[in-house]
Amino acid sequence: MLSHPSNIDPQLLAQEVNTMMPLVEKDLADVEDTITYGKERLFKFVKDKKIMEALAFMYCFEGNTGQTLDIKEFCTTNNLLL
């Protein structure tokens with residue numbers, strides 16, 4: 001079971017977003033199918049129970065693409081528990 005997002009320190013999340021943003025920007029510049037890229041990366045973070053990284057990735061992805069990845073639908077589809 002992943003920790004609840006309310007247990008996440010906002011300052012640590014902001015640091016993770018700042019660290020991850022350039023990497024996500026670079027990756028997005030090199031891929032054609034951004035949704036597939038987003039779902040694959042999100043799946044890896046969620047599967048590894050890295051909630052901080054999953055949230056940071058979602059913010060970075062949405063900020064760069066304007067597309068939202070639905071974490072609840074994603075976890076249900078992939079039989080993952082939140």
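What follows is calculated from the coordinates using simple rules that are stated; it is not laboratory data. Because the structure is a prediction, the values reported are computed rather than measured.
Summary of computed values
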item: For the range 40-47, 3J(HN,Hα) per residue [Karplus equation, 6.51 cos²θ - 1.76 cosθ + 1.60, θ = phi - 60°, Hz, x = Gly/Pro]; result: 5, 5, 4, 4, 4, 5, 5, 4
item: Net lengthening on full extension, residue 68/residue 39 (0.36 nm per residue, minus Cα-Cα); result: 9.4 nm
